[in-house]
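Asker: The following block contains the structure, expressed as structure tokens.
The values are calculated or read from the model by the stated rules, or taken from the named source; none is laboratory data. Model, not experiment: these values are computed from the prediction. Positions of Cβ are generated from backbone atoms using ideal geometry, with glycine treated the same way; all protein chains shown enter the neighbour counts.
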């Protein structure tokens, strides 16, 4: 089934009211699945390349460290195959659906005609069972990217894979070895069961909530404060290591993923966060990392000891092999409930010691939108975060920061209702925040202020318009939205940009969770203190709790594009919108 250009109205007639948020299938009613008749899914990925690439999506049985569950695989493996392309080539991708339900593939970060972007309800109807979706387009970029399903919650079940596009010319940074480290999660629970549990009891998967009052002594006033917020300060992640096994290239931490090296070699490690819900803190004890690309776009090299990679982000780093026999690549979940693990090994089987999980971080007053001091220092010393391992009282002052439903602070375009239970009273830019758990570590940690585009941006015009978009939610009811409105493929009113318009978008996070916001179809430049010509280009931006973040955009890709939080269950619950770019002839 080759999809031609379709209007939004035509798409909605084809889709009906279901859109991307499909009903729970009958076979997903139980707590866990993994039917014995399903074929086994391979762990790890092969490589496919060329001008014509065939991909098959099918179901199977996954087994990780002795736990078994249903999975969705591309070409029989999780992750799916590495798609390796070259800038300037023309590629034809044939995607065949062998599932009993609709599926899709979104080419995350790729510049493609919108009808091939792979989002049911926005850019195409989806791929029905036993049908083949054919998309053909020129490759206009290079870098590290990935692909994944945009149908239902299939991404959680394994429907994702890596993609690397080699540049037409030489790489700006040479290396001796080139490896991919794709981080994700495994659970034997069906994702629709997880979604139902999140909606009926937001703390169901957070086992750290049970003991935090004992581990972190607080005053009566502090306990009263957190009770008023209807959440504990340990509410860092919706789904944690009590449910997830964290994966490196599809393997659990006990399953021995290794990358070989020789001392002195320069290794390019392409980090991809293909998880559904997890921020990872990545470090290699004993070796620094030099960041050379973010979301596939080259940046000026910056050396760090650790970085946080949000869901859907990619970072390329250069590592120089040392003289030790092995080094551990540790990807610790942000809430420190578990880790993904790989080894840099000078010989097969060599192993380094793995550091113990660090104490879990806590939310502070700053994460409620309460700010004492400026965050414009270019580092994170100017922010009053409190210690990541200290008691809540270490940073508490008053409840003035995050108001409970003080909606008079919101602009008139925000839809008020039960979907909003918190409003940040003093959101400030925190692009210098390295992320929860990394604010007080003694070593160098990456933050957005440290990123600068290597090649100058083509368009440095002053934006003609400012859009302010509020990230809203009710954590107790598990309702997530943009500007108070939850996404509907049928009734959604898109954000409209004119052709080639230069706009500035300010995202204001009125919740106490970090959100990785992804724009399909285009890159934007993060407003991070760099001169406009060298603001870093990205397609995912993390907006810290109770904070704001700003990007600038040239609307030069016509069509309808998804704009959403990339935490899968947040998107599924409604934190999504459509961006429409009116084409040069005046029609999207």
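Asker: Which strands (runs of 3 or more DSSP E) sit wholly inside region 263-374 and have at least 2 residues that are farther than 23 Å from residue 238 by Cβ? Before the answer, list the steps.
Answerer: Numbers: elements: 266-273, 280-283, 289-294, 297-304, 306-309, 314-320, 326-333, 339-345.
Strands (runs of 3 or more DSSP E) meeting the threshold: 266-273, 289-294, 297-304, 314-320, 326-333, 339-345.
Asker: Under the condition of being more than 19 Å from residue 521 (Cα to Cα) and touching a helix residue (DSSP H, G or I) at 6+ places or on another chain (Cβ under 7 Å), which residue from region 557-574 is surrounded by the most Cβ atoms within 10 Å (Cβ to Cβ)? Spell out the reasoning first.
Answerer: Here is the first cut: in region 557-574, the ones more than 19 Å from residue 521 (Cα to Cα) are 569-570, 572-574.
Then keep just the ones that are touching a helix residue (DSSP H, G or I) at 6+ places or on another chain (Cβ under 7 Å); that gives 569, 572.
Numbers: 569: 21, 572: 25.
For region 557-574, the residue satisfying everything is 572.
Asker: Right, another one. So residue 513 fits all but one of (1) within 19 Å of residue 425 (Cβ to Cβ); (2) surrounded by fewer than 24 Cβ atoms within 10 Å (Cβ to Cβ); what number is the exception?
Answerer: So residue 513 meets the others, but not (2).
Asker: Only one of 120, 129 is out of contact with any helix residue (DSSP H, G or I) (no Cβ under 6 Å at 6 or more places or on another chain) and surrounded by fewer than 18 Cβ atoms within 10 Å (Cβ to Cβ); which?
Answerer: Details: 120 fails: surrounded by fewer than 18 Cβ atoms within 10 Å (Cβ to Cβ).
Result of the check over 120, 129: 129.
Asker: Only one residue in 419, 435 is closer than 24 Å to residue 531 by Cα and not in a strand (DSSP E or B), so which one is that?
Answerer: Selected residue: 435, the only one of 419, 435 that is closer than 24 Å to residue 531 by Cα and not in a strand (DSSP E or B).
Asker: When only residues in region 263-276 that are surrounded by fewer than 24 Cβ atoms within 10 Å (Cβ to Cβ) and touching a residue at least 60 places away in the same chain (Cβ under 8 Å) count, which is farthest from residue 83 (Cα to Cα)? So that I can check it myself, show each step before the final result.
Answerer: If we filter region 263-276 for residues that are surrounded by fewer than 24 Cβ atoms within 10 Å (Cβ to Cβ), which is where we start, we get 263-270.
Imposing the further condition that a residue be touching a residue at least 60 places away in the same chain (Cβ under 8 Å) reduces the set to 263, 265-270.
Details: 263: 29, 265: 25, 266: 23, 267: 20, 268: 17, 269: 16, 270: 14 Å.
So, considering only residues that are surrounded by fewer than 24 Cβ atoms within 10 Å (Cβ to Cβ) and touching a residue at least 60 places away in the same chain (Cβ under 8 Å), the one farthest from residue 83 (Cα to Cα) is 263.
Asker: Ok, one more. Do we find a residue being in contact (Cβ under 8 Å) with a residue 24 or more places away in the chain, out of contact with any strand residue (DSSP E or B) (no Cβ under 7 Å at 6 or more places or on another chain) and under 30 Å from residue 521 (Cβ atoms) anywhere in region 299-310?
Answerer: Applying the first criterion (in contact (Cβ under 8 Å) with a residue 24 or more places away in the chain) to region 299-310 yields 299-310.
If we keep only those that are out of contact with any strand residue (DSSP E or B) (no Cβ under 7 Å at 6 or more places or on another chain) too, we end up with 300.
Now restrict to residues that are under 30 Å from residue 521 (Cβ atoms): 300.
Yes, there is a match, as at least one residue in region 299-310 is in contact (Cβ under 8 Å) with a residue 24 or more places away in the chain, out of contact with any strand residue (DSSP E or B) (no Cβ under 7 Å at 6 or more places or on another chain) and under 30 Å from residue 521 (Cβ atoms).
Asker: With surrounded by 15 or more Cβ atoms within 10 Å (Cβ to Cβ), touching a strand residue (DSSP E or B) at 6+ places or on another chain (Cβ under 9 Å), within 30 Å of residue 182 (Cα to Cα) and modelled with pLDDT of 95 or more as the only criterion, which of 346, 353 stands out? Break it down stepwise before answering.
Answerer: Details: 353 fails: surrounded by 15 or more Cβ atoms within 10 Å (Cβ to Cβ).
Going through 346, 353 in turn, the sole match is 346.
Asker: For residues that are farther than 28 Å from residue 574 by Cβ and part of a strand (DSSP E or B), scanning just region 444-491, find the one that is farthest from the chain's Cα centre (by Cα).
Answerer: So, considering only residues that are farther than 28 Å from residue 574 by Cβ and part of a strand (DSSP E or B), the one farthest from the chain's Cα centre (by Cα) is 453.
Asker: Among what's in region 168-188 and is assigned to a loop (DSSP other than H, G, I, E, B) and touching a strand residue (DSSP E or B) at 6+ places or on another chain (Cβ under 8 Å), pick the residue that is nearest to residue 54 (Cα to Cα).
Answerer: 168
Asker: Within region 512-530, track down each residue that is touching a strand residue (DSSP E or B) at 6+ places or on another chain (Cβ under 8 Å) and on the phi > 0 side of the Ramachandran plot.
Answerer: Matches in region 512-530: 521 only.
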